[in-house]
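Read through the structure below, which is laid out as structure tokens, and then see the notes.
The values are calculated or read from the model by the stated rules, or taken from the named source; none is laboratory data. Just so you know, these numbers come straight off a predicted model, no measurement behind them. Here the Cβ positions follow ideal geometry from the backbone for every residue, glycine too, while neighbour counts run over all protein chains shown. Each accessible area value is taken on the protein alone, full model and side chains, heavy atoms only, with ligands, DNA and RNA left out. Shrake-Rupley method; radii C 1.70, N 1.55, O 1.52, S 1.80 Å.
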Amino acid sequence: MNSLAGCCKKDFSTLKVKIYGKRLVYLDSAATSLKPESVIESITDFYRNHNANIHRGVYLLSQEATQLYEKTRSKLKKFFNTPEEGEIIYTSGTTGAVNLVASSWGRTNLGEGDVIVLSEMEHHSNLVPWQIVAREKGAELAYIPVTDSGELDLEEYKRIFKNHSVKIVAVNHISNVLGTLNPVEEIVRQAHMYGALVLIDGAQSAPHIPVDISRMDPDFYTVSGHKMLGPTGTGFLYGRRGILKSMPPYQSGGDMIEEVSLENATWNELPYKFEAGTQNIAGFVGLGAAVDYLSRMGMDRVRKHGEELSVKAREKLSSIKGMKFYGPEKGSPGGVLSFNIEGAHPHDIGTILDSEGIAVRTGHHCAQPLMKRLSVPATARASFYIYNDEQDIESLYSGIHKAVEVLKLGVK
Amino acid sequence: MELSELYREVILTHATHPHHYGEIENPDKKAHGSNPLCGDSFDIEIKMDGDKISEISFIGAGCSISKASASMMTEMARGKTVKEFYDLLDKMEKLVRGELAEKDAEELGDLAALAGVSAFPVRVKCAILPWKTLKNAVEDDD
Ligand SMILES: Cc1ncc(COP(=O)(O)O)c(C=O)c1O
């Protein structure tokens, strides 16, 4: 299984950085992935050789910049198999995408008593925008419960439709805390049966598993480019054309208009209606290089690698006294493993792991309602990606042993 | 980076066996403090005798640094006037930022063990959280 990491570690310069003189063991890709040389190169190449604003210049350089920026859209269309390029709206990430939908679609389509269905395992970015629009429009929120094994309770989900007027369902594809892969096809089918729309937060799935948007058939799908090898500040919203067309602009200004008079304006066609102002042009050029990289690797291999590492890590760490895992036993296609050690606060574990060069995330992972459901203030989370290998699991294992020693756990 | 400087024996002892952990009956003032990033969260209750903090207790969940800091704080703050507490708070903030002269640190007793935090900038807020919460409790006027 090391074939994947073995062949690509060299592409990630960050892995050569020394942390307190030690090898960096980067286990926080669920927050943001490292970037391969080809992505970094494409950004510097853009600024060095093609820098111009897009869609506006009649001159060659501007046309080149526009082409590079738009080429990423066609790569994304192919990679995620969306019906049309115009349905891909560039955003800063999943947060930007959900806010766009909650604000533009939500404000126009939600009213008194309408119900927005979320789950107990949502990231704050797929929670707070809905709370805000619900409060504003008098809509209600209903939650799909999380079972003790860390999965969505689909029976309860289906029950919600029986006595509520559900307008939209917004759930994540893979949980950033539990690593659970949610049955989104079934979730979509159920909602569509009742005429409700579905938004899938793909922040953790897009980097890890093959995603076929046409087959999944959600109304919206959100992606964070920076978690899938792309630059920070990139991502996109997929939306069904008919729905996007009916939605009012989210931000307004330059580039999103068709015609402007002193009193009025008409909107540009999709996707530009939703891309106001000068965009993160170099960033999206870089995202194109990231898509190329993942395409060459093959998402089936990527998935298998992350899943295997999460399973192996769980096996290895389970021998540590007081270890408790959160999330499905069978491992995570998202390469996520959340844990706690009895008697230790994850923050202390994080600091001690850091002293060994091991980067893990500790805290509530922007999912406070889920922490409450799990009855913990916080967890430690290791997340694995293509450049991690079994040696990283060994390092994590020794690092945790060190933490147990420093914190004198079991000495009490 | 010296982990043994951060996780000194006194700190681990206070963290695992915190002093004045619990609630007091009919507190005069109280405050809740939390650190949204790491999920640390404390409730502090006090009784006042004129200008003096006569009783103090805390409950909450947090890392060993924040818990030890809270425990040591309850020891130090009990019996102090509000003005004395503010002086102490000032010294404490300097201590964990590495700005306190050594001779001033000596006066702080057990608390001086928190000096090690200054080498770990992201942990400074853990050490300070209980103190900020007590300050809010002292200033609580309903
Ligand atoms: C499941 C999930 N949703 C949403 C987000 C937010 O993504 P971004 O920070 O790219 O907007 C994240 C990542 O932080 C996530 O893991």
From (1) within 23 Å of A:Thr362 (Cα to Cα); (2) more than 14 Å from chain A (Cβ to nearest Cβ), pick out the condition that doesn't hold for B:Lys125. (2)
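Mind checking whether some residue in region B:1-19 is more than 30 Å from A:Thr379 (Cα to Cα), modelled with pLDDT of 95 or more and crowded, with 18+ Cβ neighbours inside 10 Å?
No, every residue in region B:1-19 fails to be more than 30 Å from A:Thr379 (Cα to Cα), modelled with pLDDT of 95 or more and crowded, with 18+ Cβ neighbours inside 10 Å.
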Taking the residues in region A:113-134 that are among the polar types (S, T, N, Q) and within 22 Å of A:Phe161 (Cα to Cα) as candidates, determine which candidate is nearest to the ligand (Cβ to nearest atom). A:Asn126
Return the only residue of A:Leu27, A:Leu110, A:Leu68, A:Leu15 being away from every other protein chain (no Cβ under 14 Å), within 16 Å of the ligand (Cβ to nearest atom), in contact (Cβ under 8 Å) with a residue 24 or more places away in the chain and of a type outside the set (Gly, Ala, Ser). A:Leu27
Elements of type strands (runs of 3 or more DSSP E) contained in region B:20-119, each with 2 or more residues being open to solvent by 70 Å² or more (accessible area, probe 1.4 Å): B:29-35, B:52-61
Candidate set from region A:378-399 (those that are away from chain B (no Cβ under 14 Å) and among the β-branched types (Val, Ile, Thr)); member that is farthest from A:Ser319 (Cα to Cα): A:Ile386
Can you tell me which residue is farthest from the ligand (Cβ to nearest atom) among those in region A:183-204 that are assigned to a strand (DSSP E or B) and more than 22 Å from A:Gly335 (Cβ to Cβ)? A:Leu197
Those residues of region A:329-344 which are crowded, with 19+ Cβ neighbours inside 10 Å and either away from chain B (no Cβ under 12 Å) or under 26 Å from the mean Cα position of the chain (by Cα) (or both) amount to A:Gly331, A:Ser332, A:Pro333, A:Gly334, A:Gly335, A:Val336, A:Leu337, A:Ser338, A:Phe339, A:Asn340, A:Ile341
Qualifying position, being assigned by TED's automatic domain parsing to the domain that holds A:Thr362, within 22 Å of A:Lys227 (Cα to Cα) and modelled with pLDDT of 95 or more, among A:Lys16, A:Lys9: A:Lys16
Given (1) modelled with pLDDT under 95; (2) surrounded by 14 or more Cβ atoms within 10 Å (Cβ to Cβ); (3) within 16 Å of A:Tyr387 (Cβ to Cβ), A:Leu24 misses just (1)
Within 11 Å of the ligand (Cβ to nearest atom), away from chain B (no Cβ under 14 Å), in a helix (DSSP H, G or I) and within 15 Å of the chain's Cα centre (by Cα), is that true of A:Asn99? yes
Boolean, A:His226 is within 13 Å of the ligand (Cβ to nearest atom) and closer than 16 Å to A:Asn182 by Cβ: no
For B:Phe120, state whether it is over 10 Å from the mean Cα position of the chain (by Cα) and at pLDDT 95 or above. no
